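Structure record follows, encoded as structure tokens.
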Amino acid sequence: MVSDLKSAAAIHALQVTGYADRLGGAAHNQWLSTQRAQTVERYLRAQGVTLPITARGRGSANQRVECHQSRQDALVRCLAPNRRVEIELVGVAS
């Protein structure tokens, strides 16, 4: 992916968005999701991606899965898809 980003002339910028699961408080989840997005941004920069990158956190918004396990360890495993980073390509010409 990094090599594609470095050579793609049609991509003008990247939007990196981090998410958290629903466990924890809103402020903590916002902080955690922002940290996830910034970590991906730092990684891309370290790999030589020079495109403009905007990194933001969305807390526990846009949950991918809904889980109702009563055991904490099972619940944490089930919620894993909600802890993620999404990368949006901005300005891609078709």
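Rule-based calculations on the coordinates, nothing more; no lab input. If you're wondering where the values come from, they're calculated on a predicted model, not measured in any experiment.
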Whole-Hz Karplus ³J(HN,Hα) for segment 56-71, in order, using 6.51 cos²θ - 1.76 cosθ + 1.60 and θ = phi - 60°, x for Gly and Pro?
9, x, 10, x, 9, 5, 6, 4, 7, 10, 10, 10, 10, 5, 8, 7
Answer label, with Rg and Dmax of the Cα atoms in Å calculated from the coordinates and candidates (i) 15.4, 49; (ii) 14.4, 55; (iii) 13.5, 41
(i)
If you line up the long axis of helix 26-46 against the longest principal axis of the chain, both from Cα atoms, how many degrees apart are they, to the nearest 10?
30
